[in-house]
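A.B. asks: If you scroll down you'll find the structure; I have some questions about it.
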Amino acid sequence: MDRDHLATLLCRAQVGLTAPLVQVEVAVGSGLPSFHLVGLPATVVRESRDRVRAALLSCGFEFPGGQIVVNLAPAEIPKEGGRFELPIALGILIASGQLRPPGIRDCSACELYGELGLGGEIKSVRGILLAAAHACRDGHELIVPAVNADEALIAATTPVRGASHLRDVCRHFACQEPLRAHASVNGERPRPLRLSRPQPDVSEVRGQSQAKRALLIAAAGSHSLLMIGPPGCGKSMLAQRLPGLLPPLTDAEALDCAAIASISAAGFDMEAFGRRPFRSPHHTASPVSLVGGGAHARPGEISLAHHGVLFLDELPEFDRQVLEALREPLEAGVVRISRAAAHADYPAEFQLVAAMNPCPCGLLGDPAGTCRCTPAQAQRYRARISGPLLDRLDLHIHVPRLEAGDFADTPPRVECTAALAARVASARSRQLARQGRCNARLTDAEVDDCCTLEPPARALLDRTMRHLRFSARTRQRILKVARSIADVDGREAIAEAHVSEAVMLRCLDRERAAGV
């Protein structure tokens, strides 16, 4: 076939958190009319032939009457989505001579993305931010749907041009009317948002001083937290206020979160860029929706909560298989998804916060004595959460029912979110200076180096381990929590009071040792 009837344009596929380069090769030749699309395309990609045909005709171009072959190379990489339709359409025009050199721009350093409407409109596609991050490493310009231009600009350092119609792209490549390089509203690249809207404040939660203290410690060390209490005591309110206590995301962390969101089913939301993720899936969530997976190995809720908070309300109501799937990501901070057709690794450094009732009716331990559950029913309810999972939770506390005095006309003065966030930031800065990471992420070797115990504190920990029969994992977690308490208090060594408080913040271990 004559090389004048060949065209090659660039695009990228999406495989996990990578975006391998794809060459869209188009050949137009004589023969019976046919359109062949090869290179491991998914069903939605194979349907592109009809949309491309309609778009070209609607824009006043001719659709070649001979044989058309479109190859998406390399062939071993699966291709999905409508992102390839714009380069396919442009390749057909170039290969068929409707856009001809001289007077046509070089396509070798430009990547094109866009799904085509039947009238030639260029519609948004998923994963543009990830593709832009990879494109800029190769020094490639981008032409993307106009609605995705801000998203691409977050990661790209090369020019990004937004287009809303196929005609605009054709005029650009024909050197008739170049597409302008896109810029944000103020002329700068988008930056992470810094508290652009009011956050819920801890001071709005009445009473619950112990729970607020636990929330402070959890935020300081990025520890997981389980709150146990009757309905209406404020567990969900406390969890929703945890992101406000955490330090702002760095630019790199914000980009990581945005890249994961861009390839999710919901897509990327510019208004959420730079905010700590807060994910709260319903208790009917499936293992795939929580951990990730499916036919194309998509990220789940735990990856969408990367660098943020995953809140599981009504914890015992989750399916046992769903909860057990959390055990490995809690330890490793990454989830590895393997399928027959795809394999992907997604980061999952999330902070788990969970809430549950003490029994099926929720009134166990109520001073009024109104609980209707038998001890066996309460035990079965709590047994829905396995011991190995509880062992991996750093803090578990009781959140009591509020008393009438907590609703006084002039509530006592309590610390607001801003004051607590300042204490968290100070504690985090000590951790980063000492070990370069949060206390909850310390390895066993780093625990020995960083968690220096005063002699009375070591003696107390040894006695507690023997009395409460703590596992080795529980001991390490107590040390990490005690290290965070010491950081909040501004102490270099872990004192006896810090170990004592860390043990008190594991109520289920104490109850188990007492046979409750």
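Read-outs: derived from the displayed coordinates by stated rules, not from any lab. Everything numeric in this text was worked out from a predicted model, so none of it was measured. Heads up, the Cβs are rebuilt from the backbone with ideal geometry, glycines too, and the neighbour counts pull from every protein chain shown.
A.B. asks: Taking N as the number of residues in the stretch 278-404, what value does Rg over Cα atoms divided by 2.2 N^0.38 Å take?
C.D. replies: That ratio works out to 1.20.
A.B. asks: Also, quick follow-up: State, to one decimal in nm², a quarter of the convex hull surface area for the C-alpha atoms of the stretch 239-284, i.e. the direction-averaged projected area. Don't skip to the answer; put the middle values down first.
C.D. replies: Details: hull surface 15.7 nm².
Seen from a random direction, the Cα hull of the stretch 239-284 projects 3.9 nm² on average.
A.B. asks: If you place +1 on the Cβ of every Lys and Arg and -1 on the Cβ of every Asp and Glu, how big does the dipole about the Cα centre of the stretch 79-172 come out, in debye to the nearest 20?
C.D. replies: On the way: 10 positive and 11 negative charges, 41 e Å.
It works out to roughly 200 debye.
A.B. asks: Here is a further query. Using packing as a proxy for protection, rank 393-402, 173-182, 88-97 so that the peptide with the highest average count of other Cβ atoms within 10 Å comes first.
C.D. replies: On the way: 393-402: 20.5, 173-182: 14.4, 88-97: 24.2.
Sorting 393-402, 173-182, 88-97 by mean packing, highest first, produces 88-97, 393-402, 173-182.
A.B. asks: Separate question: Put +1 on the Cβ of every Lys and Arg and -1 on every Asp and Glu Cβ in the stretch 376-516; which of ILE485, LEU468, ALA502 then has its Cα farthest towards the positive end of the dipole?
C.D. replies: LEU468
A.B. asks: For the stretch 202-299, take the alpha-carbon Rg, divide it by the Kirkwood Rh, and send me Rg/Rh. Could you put the intermediate results ahead of the total?
C.D. replies: On the way: Rg = 15.9 Å, Rh = 15.7 Å.
Radius of gyration over Kirkwood radius for the stretch 202-299 works out to 1.01.
A.B. asks: Now a separate question. Got the relative contact order for the stretch 50-190 handy, in percent, Cα pairs under 8 Å and 6 or more residues apart? Show your work: numbers first, answer last.
C.D. replies: On the way: 230 pairs, mean separation 31.1, N = 141.
Reported as a whole number, the value is 22 percent.
A.B. asks: I've got another one for you. With a Cα-only, solvent-free Debye model of the stretch 1-143, what are the log10 I(q)/I(0) values at q = 0.13, 0.16, 0.20 Å⁻¹?
C.D. replies: Debye output, listed in q order: -0.52, -0.80, -1.28.
A.B. asks: Once you have the Cα-Cα distance between ARG327 and ASP345, take 0.36 nm times their residue separation minus that, and quote the gain in nm to one decimal. Don't jump to the answer; show the numbers that get you there.
C.D. replies: Working: separation 18, 0.36 × 18 = 6.48 nm, distance 1.62 nm.
4.9 nm is the gain from fully extending ARG327 to ASP345.
A.B. asks: On a full-extension model of 0.36 nm per residue, what is the gain between ASP269 and CYS59, subtracting their alpha-carbon distance, rounded to one decimal in nm?
C.D. replies: Values: separation 210, 0.36 × 210 = 75.60 nm, distance 3.12 nm.
Contour length minus Cα-Cα distance gives 72.5 nm.
A.B. asks: Express as a percent, rounded to the nearest 5, the fraction of DSSP beta bridges in the chain (both residues included) that run antiparallel.
C.D. replies: On the way: 26 of 56 bridges.
Here the antiparallel bridges make up roughly 45 percent for the chain.
A.B. asks: About the Cα centre of the chain, how large is the charge dipole given +1 on each Lys and Arg Cβ and -1 on each Asp and Glu Cβ? Please answer in debye to the nearest 20. Write out the running numbers ahead of the final one.
C.D. replies: On the way: 60 positive and 57 negative charges, 192 e Å.
Rounded to the nearest 20 debye, it is 920 debye.
A.B. asks: How high is the FRET efficiency between LEU468 and ALA75 when r is their beta carbon distance and R₀ equals 51 Å, given to the nearest 0.05?
C.D. replies: Details: r = 60 Å, r/R0 = 1.17.
In this case the efficiency is close to 0.30.
A.B. asks: Of the peptides 472-478, 383-389, 146-152, 163-169, how do they stack up when ordered by the mean number of other Cβ atoms within 10 Å, highest first? Please report the intermediate quantities before stating the final value.
C.D. replies: Details: 472-478: 17.4, 383-389: 14.3, 146-152: 23.3, 163-169: 20.3.
Ranking the peptides 472-478, 383-389, 146-152, 163-169 by packing returns 146-152, 163-169, 472-478, 383-389.
A.B. asks: Once Lys and Arg get +1 and Asp and Glu get -1 on their Cβ, which of ALA425, ILE397, ALA252 lies farthest toward the positive end of the dipole of the chain?
C.D. replies: Final value for the positive-end residue is ILE397.
A.B. asks: Follow-up. Restricting everything to alpha-carbon atoms, can you work out Rg to Rh for the chain with a Kirkwood hydrodynamic radius?
C.D. replies: Details: Rg = 28.2 Å, Rh = 25.9 Å.
A ratio of 1.09.
A.B. asks: Okay, next question. How compact and how long is the stretch 447-502, expressed as Rg and Dmax of its alpha-carbon atoms in Å?
C.D. replies: Considering the stretch 447-502 through its Cα atoms, Rg and Dmax are 10.2, 30 Å.
A.B. asks: Given 0.36 nm per residue, what is the gain on full extension from ALA459 to CYS507 after removing their alpha carbon distance, in nm?
C.D. replies: So the chain would gain 15.2 nm between ALA459 and CYS507.
A.B. asks: Starting from the Cα of LYS79, draw a straight line to each of the lysines and keep only those under 20 Å, dropping any in the same chain fewer than 8 residues away.
C.D. replies: Cross-link targets: LYS123.
A.B. asks: Can you pull the one-decimal nm distance between simple spin-label points at SER164 and SER34, each 7 Å off the Cα toward Cβ?
C.D. replies: The modelled label-to-label distance comes out at 4.1 nm.
A.B. asks: Can you tell me which of 19-25, 38-44, 127-133 comes out highest on packing, and rank the rest after it, using the mean Cβ neighbours within 10 Å?
C.D. replies: Numbers: 19-25: 19.3, 38-44: 14.9, 127-133: 26.9.
The peptides rank, most packed first, as 127-133, 19-25, 38-44.
A.B. asks: Compute the orientation-averaged projected area for the stretch 373-516 from the convex hull of its Cα atoms and round it to one decimal in nm². It would help to have the intermediate numbers written out before the result.
C.D. replies: Working: hull surface 44.8 nm².
For the Cα atoms of the stretch 373-516, the hull's average projected area reads 11.2 nm².
A.B. asks: Excluding residues fewer than 8 places away in the same chain, name every one of the lysines whose C-alpha is closer than 29 Å to that of LYS480.
C.D. replies: Correct list for LYS480: LYS212, LYS235.
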